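No lab work stands behind these numbers, since they all come straight from the coordinates. The shown structure was predicted, so the numbers you read here are calculated from the model rather than taken from an experiment. Backbone-built Cβ (ideal geometry, glycine too); neighbour counts: all protein chains shown.
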Amino acid sequence: MTNALVIYRSKYGSAKQYAEWIAEALSADCIDEKTLAPADFERYDIIIGGGCVHAGKILGLQKLKLAASRLQGKRFAAYAVCFMAGDASYEKTLLERNLPPRLALRAPLFVFPGRVDFTAMKRMDRSLFNMILAMLRKEPNKTPAQQALLDNSDGVCDFTNRDAIAPLLASL
């Protein structure tokens, strides 16, 4: 039994799915960031936090950042779930924008491919995503994931993959 906590924040379910897979692999506790209390950090030696990316922000890391001093002496990893997984430049930007340097130096950021369900999106999210799709259409060198997203922009595009968590697990 691992003394680990997996914290997540999910908007449409992908980040929660990854959190559950990580927690299962580690026999860890898994909790939505919304219900997390500062004292929860005290009971664990390993903290894994993350969530979906929304407008460049990784949801699920806010309370970790606020409790950075409570993470002293603990192993820590962070993850993000988005459709841009595999883009090293984007992943570097995510790390710089979402983790303060003192945490970023201690914890690698793992970016997992997500699921986009256009039929379940709220109006504002759909509008933002339509802007992203418009930019992708102009991109001459699309990745296979970007093309799949464009091809399925009226339904579900699911890239979630349990095997994607292996590097995170190995880092602990």
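Odds and ends about this structure:
- Residue check: PRO167 meets all listed conditions (1) in contact with a strand residue (DSSP E or B) (Cβ under 9 Å, 6 or more places away or on another chain); (2) part of a loop (DSSP other than H, G, I, E, B); (3) farther than 20 Å from ARG9 by Cα but one, namely (2).
- The set of residues in the range 61-109 that are small (Gly, Ala, Ser), surrounded by 16 or more Cβ atoms within 10 Å (Cβ to Cβ) and outside any loop (DSSP other than H, G, I, E, B) comprises ALA77, ALA78, ALA80.
- Answer residue from the range 13-60, given it is assigned to a helix (DSSP H, G or I) and among the β-branched types (Val, Ile, Thr) and is surrounded by the most Cβ atoms within 10 Å (Cβ to Cβ) among those: ILE22
- In the range 116-170, residue nearest to ALA19 (Cα to Cα) [restricted to those that are of a type in the set (Ser, Thr, Tyr) and loosely packed, with under 13 Cβ neighbours inside 10 Å]: THR119
- The criterion of being of a type in the set (A, V, I, L, M), free of Cβ contacts under 8 Å to residues at least 12 places away in the same chain, within 21 Å of ASN161 (Cα to Cα) and not in a strand (DSSP E or B) does not hold for ALA134.
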